[in-house]
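Participant: Below is a structure I'd like to ask you about.
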Ligand code: AMP
């Protein structure tokens, strides 16, 4: 695997590979890689002959009181892991490559609707930062396909909407969530958790399954939401939200949808100590009234 931090070299390498007919698959990351990230490399490999992964801790997607400074940076083990996962090229840009005019003076990409709920309102500017960095990375790498984890479900919708709206000629693939044995979704932020907290955090995935079951038996979204918040609090978590939404745009589910099954998603964001965790569970909503 090659490691490249320079745009000219990146473009030269990729141009040569493209000239030989290879499709380019791309996996953007912030590093501190785990099995969830490596599964995206494998997924990209199914769609492309050449797989590029980027590692860049993007300052513009962190709020002022978030963990940008202490976000774990583990470049050497990331390189080993990417090579083992079959990545061909690791792109490690520095901040001036991504933001030549400085992060504060840079062009920002704002994605309406799907950015305007849940984490979009709780983390102001977060999805602008995500869309802005991914748009730049797409222009630098110019992939044919790019893989994103369904773990960051709202982020995946934001990227899809940006790509459709700005006509990026890139196919976006959503890859399944990789979990620990107890159901906890893998995340770089799990590093902040103690061994006991990791066990406690399994309540998030358990609660998602429980929300789906309540929905299947006709529970109303409002009742399910308040019951799920209580259940998370009882497990020692401090939830920001626990909600069931339409999976295509995160709008509220229609009040009654007898006779039709809609793609739905249960989503949770919750704090455990200082650590904020997110997870979700997609399902087809039951064929019931939920007025
Ligand atoms: P990050 O480095 O956290 O920005 O994540 C980079 C990519 O990896 C994003 O597309 C995430 O959705 C994806 N990802 C992170 N954790 C997981 C996981 N447990 N399963 C699947 N994809 C994941």
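Participant: Of the residues 222, 203, which is without any contact (Cβ under 8 Å) to a residue 40 or more places away in the chain, away from the ligand (no atom under 16 Å from the Cβ), in contact with a strand residue (DSSP E or B) (Cβ under 9 Å, 6 or more places away or on another chain) and assigned to a helix (DSSP H, G or I)?
Facilitator: Numbers: 222 fails: in contact with a strand residue (DSSP E or B) (Cβ under 9 Å, 6 or more places away or on another chain).
Of the residues listed, the single one that is without any contact (Cβ under 8 Å) to a residue 40 or more places away in the chain, away from the ligand (no atom under 16 Å from the Cβ), in contact with a strand residue (DSSP E or B) (Cβ under 9 Å, 6 or more places away or on another chain) and assigned to a helix (DSSP H, G or I) is 203.
Participant: Would you mind stating whether residue 213 is at pLDDT 90 or above, farther than 17 Å from residue 184 by Cβ and exposed (fewer than 14 other Cβ atoms within 10 Å of the Cβ)? Let's see the steps before the verdict.
Facilitator: Working: at pLDDT 90 or above: yes; farther than 17 Å from residue 184 by Cβ: yes; exposed (fewer than 14 other Cβ atoms within 10 Å of the Cβ): yes.
So residue 213 fits the description; yes.
Participant: Still on this structure, please answer the following. With the requirement that a residue be buried (at least 23 other Cβ atoms within 10 Å of the Cβ) and either near the ligand (Cβ under 8 Å from one of its atoms) or in a strand (DSSP E or B) (or both), what does the range 32-54 give you?
Facilitator: Matches in the range 32-54: 33, 37, 40, 51, 52, 53, 54.
Participant: Which residues, counting only those in the range 171-197, are part of a loop (DSSP other than H, G, I, E, B) and touching a helix residue (DSSP H, G or I) at 6+ places or on another chain (Cβ under 6 Å)?
Facilitator: Quick first cut of the range 171-197, residues part of a loop (DSSP other than H, G, I, E, B) only: 176-178, 180-184, 186-187, 193-194.
Within the range 171-197, 178, 182, 183, 184, 186 qualify.
Participant: Pick from the range 75-103 the residues that are in contact with a helix residue (DSSP H, G or I) (Cβ under 9 Å, 6 or more places away or on another chain), part of a loop (DSSP other than H, G, I, E, B) and at negative phi: which of them is surrounded by the most Cβ atoms within 10 Å (Cβ to Cβ)?
Facilitator: Result: 87.
Participant: Which of the residues that make up the range 241-255 are surrounded by fewer than 17 Cβ atoms within 10 Å (Cβ to Cβ) and over 16 Å from residue 115 (Cα atoms)?
Facilitator: Filtering the range 241-255 for residues surrounded by fewer than 17 Cβ atoms within 10 Å (Cβ to Cβ) gives 246, 248-249, 251-252, 254-255.
Matches in the range 241-255: 254, 255.
Participant: Now, a different point. Are any of the residues in the range 3-18 assigned to a loop (DSSP other than H, G, I, E, B) and within 15 Å of the ligand (Cβ to nearest atom)?
Facilitator: Step one: filter the range 3-18 for residues assigned to a loop (DSSP other than H, G, I, E, B), giving 5-6.
Now drop any that are not within 15 Å of the ligand (Cβ to nearest atom), which leaves none.
Checking the range 3-18: not a single residue is assigned to a loop (DSSP other than H, G, I, E, B) and within 15 Å of the ligand (Cβ to nearest atom).
Conditions tested, residue by residue: (1) over 16 Å from the mean Cα position of the chain (by Cα); (2) within 23 Å of residue 59 (Cβ to Cβ).
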residue: 96; (1), (2): yes, yes
residue: 101; (1), (2): yes, yes
residue: 105; (1), (2): yes, yes
residue: 127; (1), (2): no, yes
residue: 147; (1), (2): no, no
residue: 167; (1), (2): yes, no
residue: 180; (1), (2): yes, no
residue: 183; (1), (2): yes, no
residue: 196; (1), (2): yes, no
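Participant: Report yes if some residue within the range 152-165 is more than 13 Å from the ligand (Cβ to nearest atom), crowded, with 22+ Cβ neighbours inside 10 Å and assigned to a helix (DSSP H, G or I); otherwise report no.
Facilitator: So in the range 152-165, the residues more than 13 Å from the ligand (Cβ to nearest atom) come out as 161-165.
Narrowing further to those that are crowded, with 22+ Cβ neighbours inside 10 Å: 162.
When the remaining residues are screened for being assigned to a helix (DSSP H, G or I), the result is 162.
Yes, some residue in the range 152-165 is more than 13 Å from the ligand (Cβ to nearest atom), crowded, with 22+ Cβ neighbours inside 10 Å and assigned to a helix (DSSP H, G or I).
Participant: Restricting attention to the range 19-31, report how many residues are part of a strand (DSSP E or B) and near the ligand (Cβ under 9 Å from one of its atoms). Full working, then the answer.
Facilitator: Residues of the range 19-31 that are part of a strand (DSSP E or B), as a first pass: 24-29.
Now narrow it down to the ones that are near the ligand (Cβ under 9 Å from one of its atoms): 27-29.
The qualifying residues number 3.
The values are calculated or read from the model by the stated rules, or taken from the named source; none is laboratory data. Keep in mind the model is a prediction, meaning the values are calculated, not measured. Cβ: placed from backbone, ideal geometry, glycine included. Neighbour counts: every protein chain shown.
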